[in-house]
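Worksheet for the structure shown next.
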């Protein structure tokens, strides 16, 4: 069968649609936020593939594997095994690294055990084994170290309270011991201490001293401050002091292994008499082939392992993340980097006839990296696989084999297959939301009215953080500044520095704002409080009666609207509550109405519908208008927070800030996952924040947003150690003339 066919898709807002997806092609699925794209591809196609596969296993195996509920559709045919490559960040074991995830480190362990100058096994090079792990850090590469800047005030003497920990405050028992030891001039500034005196003060082992005075016992034990603090940190009985002590500690590189994570023997083994494991795990991935090229490749082990390692590195480098190193903790990579690492593993796989599903693979990518990604997706298709991307990027859409446009609107106004066809066919169909993308290259206009001479700037000089060393930037106040650059260029590092050095800085990221079905956009925005008070005033009842979390909740489902039954290996079955019919409330509560609508019916309204319904209630309208202004007009008031996308959650968080002035807002990719139509709304919100006298900084690659910026800071020129430089800072007008800026080149092409 040459197609995957779905009939009668009705899950969530899908309106009984029939869809055909061509196999062994690249299909892009597009549509405005909330149109039903993810429901079609994830909740039906991917979910059903996983469910049917698990159903083929024994009941014992299904008992310990994830469980998938049946989606709402009539029939599906031509389904293949599916692999989802999403932007979910890695979590879990702190010992998991880029090297262990990609298995490059596994190959290196084998290489060192076979070709190294010592008779050690591959297991000896694993930091997850007792033989291989550093005895000090246990294979983590980091160790708690005392922060001397927090512990000591070097400008003071011991008598003046130079030791800032309360255990050694002037007059305390431990301070008296220091005084009684007569090791130090108590009036001497610490900055004048000799190296020997400072080492004794901090690191002296416990020594027994006889007292000459009457202030302490005749004999006592003197011990360095750091030694005693570390001993207490390791002692479980010191837990009561742990919170206080933590301010004097920081995570640092392990002093024993230098961050390599290995014990002494494997740490010192050399390849070719010159390279240790440290050289391979701390260099950038893109440099590994160069190291291998300097080694003898004539042995059978080298001939087998060198090509495998090089092929894996090239697949990673081709996706624009060659700046990572093998020792990087997997939990510290960004969502975009995580997705590319997952994709890189599939690029070296020999599997065929698989359906790969990618959710917004271009999110977080510079235009240069988008084109690299497009090439990589093409290679997966060439190998005989099917690739489906949920995507809005114009370049990916124009280079897809086939496009499904879901919409036309969002929520209740979406869920239809508006048009399906090749990019050429979409470009001729005026009913498609992508018509302007394919036919009007100049969909955006560069902003050229920003007056640099009249602007007031905040200056950040001599910046040192991660790969940024000594750069300086200017941020115009009451304006929109866009930080851009290829992956790993230093954008996020720069924003982190600015945030840490700016009062009233507010970070607006896409982290989830709710984990349960109890919270919804009405409760989060607090408009539901106003609505409940209105219903109470209108009916003479208590406001708590109109809360599904309180007095008015259905006694059977406790206000959830459904009953969930654990069916063991068959998965959880969620049934609408028989008592309330999914409406969450007691029957007597639903009898109370405001202009013909009960409280449950209000929660089923979209923001747009609620605006019309409550048009005479000024306070409610004001709250709802903010939700409409930030582009959430299609979402129902009762939609649970845990079902919102990252972008929807980010905009909802922003709704709470729109009345504030004088802040600096730092946005991390606010257009991620947004259709071009939705991007316009985000740009308008950013402009509104500026109008309210706020300063806005946006980490962004979207050319529409960049073109509308007042000020652009382009980082690069590449990622990792080849990044961290300010390639350009200035106006849109000037970046278009800058030949050194990749961003400027692509913006010129787009405009």
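The values are calculated or read from the model by the stated rules, or taken from the named source; none is laboratory data. If you're wondering where the values come from, they're calculated on a predicted model, not measured in any experiment. Here Cβ is always computed from backbone atoms with ideal geometry, including for glycine, and neighbour counts include all displayed protein chains.
Tabulated data for the structure shown
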{"read-out": "Index of the failed condition, residue 218 passing every other in (1) closer than 17 Å to residue 158 by Cβ; (2) modelled with pLDDT under 75", "value": "(1)"}
{"read-out": "Failed item in (1) in contact with a helix residue (DSSP H, G or I) (Cβ under 7 Å, 6 or more places away or on another chain); (2) modelled with pLDDT of 95 or more; (3) not in a loop (DSSP other than H, G, I, E, B), with residue 18 passing the rest", "value": "(1)"}
{"read-out": "Test set (1) touching a strand residue (DSSP E or B) at 6+ places or on another chain (Cβ under 9 Å); (2) closer than 20 Å to residue 362 by Cβ - residue 436 fails condition number", "value": "(1)"}
{"read-out": "Condition check for residue 600: closer than 22 Å to residue 13 by Cα, over 34 Å from the mean Cα position of the chain (by Cα), part of a helix (DSSP H, G or I) and at pLDDT below 95", "value": "yes"}
{"read-out": "Filter result for residue 624 (under 27 Å from residue 523 (Cβ atoms), buried (at least 23 other Cβ atoms within 10 Å of the Cβ), in contact with a helix residue (DSSP H, G or I) (Cβ under 7 Å, 6 or more places away or on another chain) and not assigned by TED's automatic domain parsing to the domain that holds residue 740)", "value": "yes"}
{"read-out": "Given (1) touching a helix residue (DSSP H, G or I) at 6+ places or on another chain (Cβ under 6 Å); (2) at pLDDT 90 or above, number of the condition residue 425 does not satisfy", "value": "(1)"}
{"read-out": "Residue in region 349-361 that is under 18 Å from the mean Cα position of the chain (by Cα) and within 24 Å of residue 715 (Cβ to Cβ) present", "value": "yes"}
{"read-out": "Filter pass, residue 407 being at pLDDT below 85 and in contact with a strand residue (DSSP E or B) (Cβ under 6 Å, 6 or more places away or on another chain)", "value": "no"}
{"read-out": "So residue 253, is it surrounded by 14 or more Cβ atoms within 10 Å (Cβ to Cβ), in contact with a helix residue (DSSP H, G or I) (Cβ under 8 Å, 6 or more places away or on another chain) and either within 28 Å of residue 107 (Cα to Cα) or at pLDDT below 95 (or both)", "value": "no"}
{"read-out": "Hits in region 284-304 - residues which are loosely packed, with under 15 Cβ neighbours inside 10 Å and in a loop (DSSP other than H, G, I, E, B)", "value": "294, 296, 297, 298, 299"}
{"read-out": "Residue 44 vs. criteria touching a strand residue (DSSP E or B) at 6+ places or on another chain (Cβ under 9 Å), assigned to a helix (DSSP H, G or I) and buried (at least 21 other Cβ atoms within 10 Å of the Cβ)", "value": "yes"}
{"read-out": "Hey, residue 662 over 21 Å from residue 525 (Cα atoms) and either in contact with a helix residue (DSSP H, G or I) (Cβ under 9 Å, 6 or more places away or on another chain) or outside any strand (DSSP E or B) (or both) or not", "value": "yes"}
{"read-out": "Whichever residue in region 221-233 is more than 15 Å from residue 180 (Cβ to Cβ) and either surrounded by fewer than 16 Cβ atoms within 10 Å (Cβ to Cβ) or modelled with pLDDT of 85 or more (or both) and, among such residues, is farthest from the chain's Cα centre (by Cα)", "value": "224"}
{"read-out": "All positions within region 389-439 that are within 29 Å of the chain's Cα centre (by Cα) and assigned to a strand (DSSP E or B)", "value": "389, 390, 403, 404, 405, 406, 407"}
{"read-out": "Positions within region 631-659 being closer than 26 Å to residue 458 by Cβ and part of a loop (DSSP other than H, G, I, E, B), in sequence order", "value": "656, 657, 658, 659"}
{"read-out": "Listing of helices (runs of 4 or more DSSP H) fully contained in region 478-563 that carry 1 or more residues being surrounded by fewer than 21 Cβ atoms within 10 Å (Cβ to Cβ) and touching a helix residue (DSSP H, G or I) at 6+ places or on another chain (Cβ under 8 Å)", "value": "521-524, 527-539"}
{"read-out": "Qualifying residue in region 336-345 (condition: touching a helix residue (DSSP H, G or I) at 6+ places or on another chain (Cβ under 9 Å) and assigned to a loop (DSSP other than H, G, I, E, B))", "value": "no"}
{"read-out": "Set 34, 8: member being modelled with pLDDT under 90, assigned by TED's automatic domain parsing to the domain that holds residue 375 and not in a helix (DSSP H, G or I)", "value": "34"}
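A quick yes/no check of all residues on (1) over 26 Å from the mean Cα position of the chain (by Cα); (2) modelled with pLDDT of 95 or more; (3) outside any helix (DSSP H, G or I):
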residue	(1), (2), (3)
306	yes, yes, no
310	yes, yes, no
314	no, no, no
319	no, no, yes
322	no, no, yes
